[in-house]
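First the structure, in the form of structure tokens, and then the observations on it.
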Amino acid sequence: GAVVSQHPSWVICKSGTSVKIECRSLDFQATTMFWYRQFPKQSLMLMATSNEGSKATYEQGVEKDKFLINHASLTLSTLTVTSAHPEDSSFYICSATPDGTYEQYFGPGTRLTVT
Amino acid sequence: GENVEQHPSTLSVQEGDSAVIKCTYSDSASNYFPWYKQELGKRPQLIIDIRSNVGEKKDQRIAVTLNKTAKHFSLHITETQPEDSAVYFCASYSSASKIIFGSGTRLSIRP
């Protein structure tokens, strides 16, 4: 149980284009999902908290107009990187928390490369 | 703001020996402390967690201890095996309802 999927697993895009990443909780409902960014050999940096039916809460320094988050259902959150630039290249990981618990279960991650 | 410090950043132990990773947190209202293991290129996996009303929890070769007064918690791995090699992250569930991660410890098990 407690499986989280993420799609795509990797994507290459050109500067200036937008990329959408999906995060799904497969066997549980998650009112809250989280989006992280991880640079090589570094820890997970929380970007934003995604709340079903309401606006996401962004961490300080994360541009909400650049990283658009939509949490339209209890099992799906999406992160759209708009007008991507090479510095946006990174490993993006989502996580989901089963309602009523603290545990976070992570998706497999999406490696984004912007050329 | 909330902060979690983790030490050491790298740790190398002989197979069969024990490994200990330590973390401190700043938010005194934190009440949940998970540990994650991340292998190269893979997702973090929850390996053990502890809540603030418990001082110690054990699961086979893995144990976690919590000292709320000192705001310290530690991961203990006994009888280490090659498959224990990975990066380990501690984390603290803050009063702002989000998890703050430590900087990670790269554990290597020497054969």
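Of everything in the range B:37-57 that is surrounded by 14 or more Cβ atoms within 10 Å (Cβ to Cβ) and within 18 Å of B:His72 (Cβ to Cβ), the residue that is farthest from the other protein chains (Cβ to nearest Cβ) is B:Lys57.
Report, by residue number, each residue of the range B:68-108 that is in contact with a strand residue (DSSP E or B) (Cβ under 7 Å, 6 or more places away or on another chain), more than 14 Å from chain A (Cβ to nearest Cβ) and either part of a strand (DSSP E or B) or surrounded by 13 or more Cβ atoms within 10 Å (Cβ to Cβ) (or both). Even if it seems obvious, please write down each step before you answer.
Taking the range B:68-108 as the starting set, the residues that turn out to be in contact with a strand residue (DSSP E or B) (Cβ under 7 Å, 6 or more places away or on another chain) are B:71-77, B:80-82, B:84-94, B:98-108.
Now drop any that are not more than 14 Å from chain A (Cβ to nearest Cβ), which leaves B:71-77, B:80-82, B:84-85.
Matches in the range B:68-108: B:Lys71, B:His72, B:Phe73, B:Ser74, B:Leu75, B:His76, B:Ile77, B:Thr80, B:Asp84, B:Ser85.
Filtering the range A:37-59 to residues that are under 17 Å from A:Asn70 (Cβ atoms) and not basic (Lys, Arg) leaves A:Met47, A:Ala48, A:Thr49, A:Ser50, A:Asn51, A:Glu52, A:Gly53, A:Ser54, A:Ala56, A:Thr57, A:Tyr58. Taken over the range A:71-115, the criterion of being within 12 Å of chain B (Cβ to nearest Cβ), surrounded by fewer than 19 Cβ atoms within 10 Å (Cβ to Cβ) and hydroxyl-bearing (Ser, Thr, Tyr) is satisfied by A:Thr101, A:Tyr102. Determine whether A:Leu46 is among the aliphatic types (A, V, I, L, M), assigned to a strand (DSSP E or B) and more than 27 Å from B:Ser92 (Cβ to Cβ). Here the answer is no, as A:Leu46 does not meet what is asked.
The residue of the range A:55-68 that is surrounded by the most Cβ atoms within 10 Å (Cβ to Cβ), among those that are within 14 Å of another protein chain (Cβ to nearest Cβ) and in contact (Cβ under 8 Å) with a residue 12 or more places away in the chain, is A:Ala56. Scanning the range A:39-50 for residues that are more than 9 Å from every other protein chain (Cβ to nearest Cβ) and either out of contact with any Asp or Glu (no Cβ under 7 Å at 6 or more places or on another chain) or acidic (Asp, Glu) (or both) yields A:Phe39, A:Pro40, A:Ser50.
Please find, within the range B:52-111, the residue that is farthest from the chain's Cα centre (by Cα) out of those that are at pLDDT below 95 and β-branched (Val, Ile, Thr). Once the filter is applied, the top-ranked residue is B:Thr69.
Looking only at residues of the range B:53-64 that are touching a Ser or Thr at 6+ places or on another chain (Cβ under 7 Å) and in a loop (DSSP other than H, G, I, E, B), we find that the one that is nearest to B:Ile77 (Cα to Cα) is B:Arg61. Does any residue of the range A:74-82 turn out to be free of Cβ contacts under 8 Å to residues at least 24 places away in the same chain and either part of a loop (DSSP other than H, G, I, E, B) or in contact with a His (Cβ under 7 Å, 6 or more places away or on another chain) (or both)? No, there is no match, as no residue in the range A:74-82 is free of Cβ contacts under 8 Å to residues at least 24 places away in the same chain and either part of a loop (DSSP other than H, G, I, E, B) or in contact with a His (Cβ under 7 Å, 6 or more places away or on another chain) (or both).
The values are calculated or read from the model by the stated rules, or taken from the named source; none is laboratory data. This structure is a prediction, so every number in the text was calculated from the model and none was measured. Cβ coordinates were reconstructed from backbone atoms using ideal geometry, including for glycine residues, and neighbour counts include every protein chain displayed.
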